[in-house]
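Trainee: The structure follows.
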Amino acid sequence: MKFFIDTANLEQIKEAQALGILDGVTTNPSLMAKEGITGQDNILKHYVDICSAVTGDVSAEVIATDYEGIVQEGDALAALHPQIVVKVPMIKDGIKAIRYFSDKGIKTNCTLVFSAGQALLAAKAGATYVSPFIGRLDDISTDGLNLIDEIRVIYDNYDFNTQILAASVRHTMHVLECAKIGADVMTGPLSSIVGLLKHPLTDSGLAQFLADHKKGN
Ligand code: G3P
């Protein structure tokens, strides 16, 4: 499973990259605003800075919601850097635009996906990634992981190439359950990645090894 970090925070992106286990980055307009990145020039520069800090795909989301606007914005984003993936919302014009980008060889991430039917449409349009938001489904007492399961079955039935990018991952158990189901990618906060390191028996075992070594020297 690929690990993407879901943030526009350059320090956290660099920290994850330095671990040697990062495969890419996802951003969205809310995450950019959270980092205080505003104004078109600053936003575009920030995407390039992120691309320079990592080796994998970097999702950059369009703001336009009409076909012509999405295509114009997406073409400009894709021209910024070869690592850019154009993130497009799951709306009718978005699906049309994903087909356009797919035919042009531009990678896409279909975002704001909350149902298996939406994921099927994204795959039919040729999306590179589909982003089901599991945490937000959990937030409304719906089983987000069940959606990953459903999409996995559908995509495997027809050998769709679209990669399931489990998004809105909130914690380590989301990561583990997505790995068990067979999501191709997960994107979450740095805490959901480094949290996988933690085990009290590792900590106590290491402390014991170091103490015993000290006694013997
Ligand atoms: O990649 C989508 C993700 O950013 C949404 O996460 O935590 O805002 O639901 P969240």
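The values are calculated or read from the model by the stated rules, or taken from the named source; none is laboratory data. The structure presented is a predicted model; accordingly, all values stated were derived computationally and were not measured. Positions of Cβ are generated from backbone atoms using ideal geometry, with glycine treated the same way; all protein chains shown enter the neighbour counts. Just so you know, the surface numbers come from the protein's heavy atoms only, side chains and all, with ligands and any DNA or RNA stripped out. Shrake-Rupley method; radii C 1.70, N 1.55, O 1.52, S 1.80 Å.
Trainee: On the accessible surface of region 1-87, probed at 1.4 Å, how many percent belong to carbon and sulfur atoms?
Mentor: 51
Trainee: So what is the accessible area of region 2-216 per residue, in Å², with the probe set to 1.4 Å?
Mentor: Spelled out: the 1.4 Å probe surface of region 2-216, per residue, equals 49 Å².
Trainee: Long-range amide H contacts for THR26: which residues qualify at under 5 Å (H placed 1.01 Å from N, peptide plane, sequence gap of 5 or more or a different chain)?
Mentor: So THR26 has HN proximity to ILE5, ASP6, THR7, SER59.
Trainee: Amide H of LYS2: which non-local residues (sequence gap of 5 or more, or other chain) have their own amide H closer than 5 Å, using H built in the peptide plane?
Mentor: VAL185, MET186
Trainee: Along the Cα-to-Cβ line of HIS81, 7 Å from the Cα, sits a label point; which residues in region 45-67 have backbone N less than 14 Å from it?
Mentor: Output list for this probe position: 45-61.
Trainee: With a 1.4 Å probe and every protein chain kept in, tell me what percent of the accessible surface of region 110-155 is carbon plus sulfur.
Mentor: Exposed carbon and sulfur together represent 56 percent of the surface.
Trainee: Tell me the angle of helix 40-53 to the major Cα principal axis of the chain, expressed in degrees between 0 and 90 and rounded to the nearest ten.
Mentor: Computed tilt is about 40 degrees.
Trainee: Using only helices, what value at 222 nm comes out for the chain when you add -39,500 (n - 2.57) per DSSP H run of length 4 or more and divide by the total residues, to the nearest 500 deg cm²/dmol?
Mentor: Dividing the helical sum by the residues of the chain leaves -16500 deg cm²/dmol.
Trainee: Rank ILE154, ILE134, VAL54 by how far each Cα sits towards the positive end of the charge dipole of the chain (+1 on Lys, Arg Cβ; -1 on Asp, Glu Cβ) and give me just the farthest.
Mentor: It is VAL54.
Trainee: Of all the Cα-Cα pairs you can form in region 79-172, what percent are over 16 Å apart?
Mentor: For region 79-172, the fraction of Cα-Cα distances above 16 Å is 51 percent.
Trainee: Whole-Å semi-axes of region 2-216's equivalent ellipsoid, largest first, each the root of 5 times a Cα gyration tensor eigenvalue?
Mentor: In descending order, the three semi-axes are 33, 22, 14 Å.
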